[in-house]
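Data first, discussion second: the structure below is written as structure tokens.
Quick note: the coordinates plus some simple rules give every number you see, no bench work behind them. Fair warning: this is a prediction, and the values are worked out from it, not measured in the lab. All Cβ positions, even for glycine, are placed from backbone atoms using ideal geometry, and neighbour counts span all protein chains on display.
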Amino acid sequence: MSSNFRMLALAMVLRLLFVLPAAGQEQPIPGFPPIPIDATEEQVRQAAALVRAGQKLTPKAWPNGARVAVCLSFDVDNELLWRRAPLPVPLSQGEYGATTGLQRVLDLLDRQSIPASFYIPAMSAALHPQMIQDILQRKWHEIGVHGWMHENLPTVGDAAKEEQLLTQSIEYLTKATGKRPVGFRAPSWAFSQSTLDQIRKAGFLYDSSFMAMDEPYELLANGQKTGMIELPINWIADDYPYYEPQAGGSLPDPQLVLEVYKGEFDMAYQEHTMFILTMHPHITGHRSRIATLEKLVIYMKQNPGVWFATLEQVADYVKAQEKDEKR
Ligand SMILES: [Zn+2]
């Protein structure tokens, strides 16, 4: 590939990133009034206080002297991403995740002998109950909560309703997997005013929806410690901005996406922290992209001291180390 072409493709990637709603261009949402330009310092602090970053929780050492923790995570949203306009053809784009994508992901993880975390909205599992069986059959993957219907929590607009959906989601996955899930990842990475309180009350070990650091940290609620471990995500280490439907399927070149992921891993390795990659079976499960993911795994494995783990394993370890340090 010529360097000009590489630059062009990279520019396309960047453009895609900046047109995403996550870039901070959202419409005002009820319960979250905009911060006016003449707000006082105190008002700005108040407006930002709901959920903030507390102390870093990266342990002094990872298990067995590993230099970095690597978590591959998959949000199994499938058809539910088209819930608001469920036309047959777009739904089939999501259905691909269940018919083909997930199986490819599981086969890759088998070949490379690494565990992963899967966040599954309950109704996504209901459409394809076999998915959970296929994941459980491997015996070392984690299944976590990702909403009931992939509902956008701040727009539910009713704390009691939101809590009911959370309870239902936990109960559904507990019944389907035989184990109560310990990890929470908010659908569309969106928290309402109530979400943090509700997941604390429900007893989750960790959350994976925030972006204030790129290593484990503690969530603060209105300035108070919560004890909730955050295993943060970000749009850079996600398949959606690069491969989403607007990208049209041909560009950006998966090779360029691979370069971005490698760069994220390389610095996590140098800093001895953590690299979490977020993917979707209906997006990364396509042929050229699965091949790219496998290249990435092989690349990471060439480095000594890479701990491939589920987020649950990382959270358990972080929590145990924290207790040790307090003794
Ligand atoms: Zn999702």
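Here are the numbers for this structure:
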quantity: Bridge type composition, the chain - antiparallel percent by DSSP, nearest 5; calculated: 30 percent
quantity: Contact order normalised by residue count of the stretch 235-327, Cα under 8 Å, 6+ apart, percent; calculated: 31 percent
quantity: Rounded to 5, percent antiparallel among DSSP beta bridges of the stretch 184-288; calculated: 50 percent
quantity: Reachable lysines from Lys60, criterion Cα separation under 27 angstrom, eight or more residues apart if same chain; calculated: Lys225, Lys262, Lys301, Lys319, Lys323, Lys326
quantity: In Hz, Karplus ³J(HN,Hα) per residue of the stretch 139-156 (6.51, -1.76, 1.60; θ = phi - 60°; x = Gly, Pro); calculated: 6, 10, 8, 9, 10, x, 7, 9, x, 8, 10, 6, 6, 7, 4, x, 8, 4
quantity: Cα centroid separation, the stretch 30-48 to the stretch 298-322 (Å); calculated: 38 Å
quantity: Other-chain or far-sequence residues with amide H under 5 Å of Tyr206's (modelled H); calculated: Phe184
quantity: As computed over the stretch 237-327, the Cα convex hull volume per residue (Å³); calculated: 103 Å³
quantity: Cβ charges +1 (Lys, Arg) and -1 (Asp, Glu), total dipole of the stretch 171-327, debye; calculated: 600 debye
quantity: Gain on full stretching of the segment that runs from Ser92 to Ile236 - 0.36 nm per residue minus C-alpha separation; calculated: 49.2 nm
quantity: Nonlocal amide H pairs with Asp238, under 5 Å, H built at 1.01 Å; calculated: Thr278
quantity: Whole-Hz ³J(HN,Hα) from phi, Karplus 6.51 cos²θ - 1.76 cosθ + 1.60, for the stretch 317-325, glycine and proline x; calculated: 5, 4, 5, 5, 5, 5, 4, 4, 5
quantity: Length gained when the stretch Leu136-Gln164 is fully extended (0.36 nm per residue, less Cα-Cα span); calculated: 7.5 nm
quantity: At 1.306 mPa s and 10 °C, Stokes D of the stretch 85-224 from Kirkwood alpha-carbon radius, µm² per second; calculated: 98 µm²/s
quantity: Mean residue ellipticity (222 nm) of the chain, computed from DSSP H runs ≥ 4 via -39,500 (n - 2.57), nearest 500; calculated: -13500 deg cm²/dmol
quantity: Dimensionless Rg/Rh of the chain - Kirkwood Rh, Rg from C-alpha atoms; calculated: 0.95
quantity: Value of relative contact order over the chain, rounded to a whole percent, pairs C-alpha under 8 Å and six or more apart; calculated: 29 percent
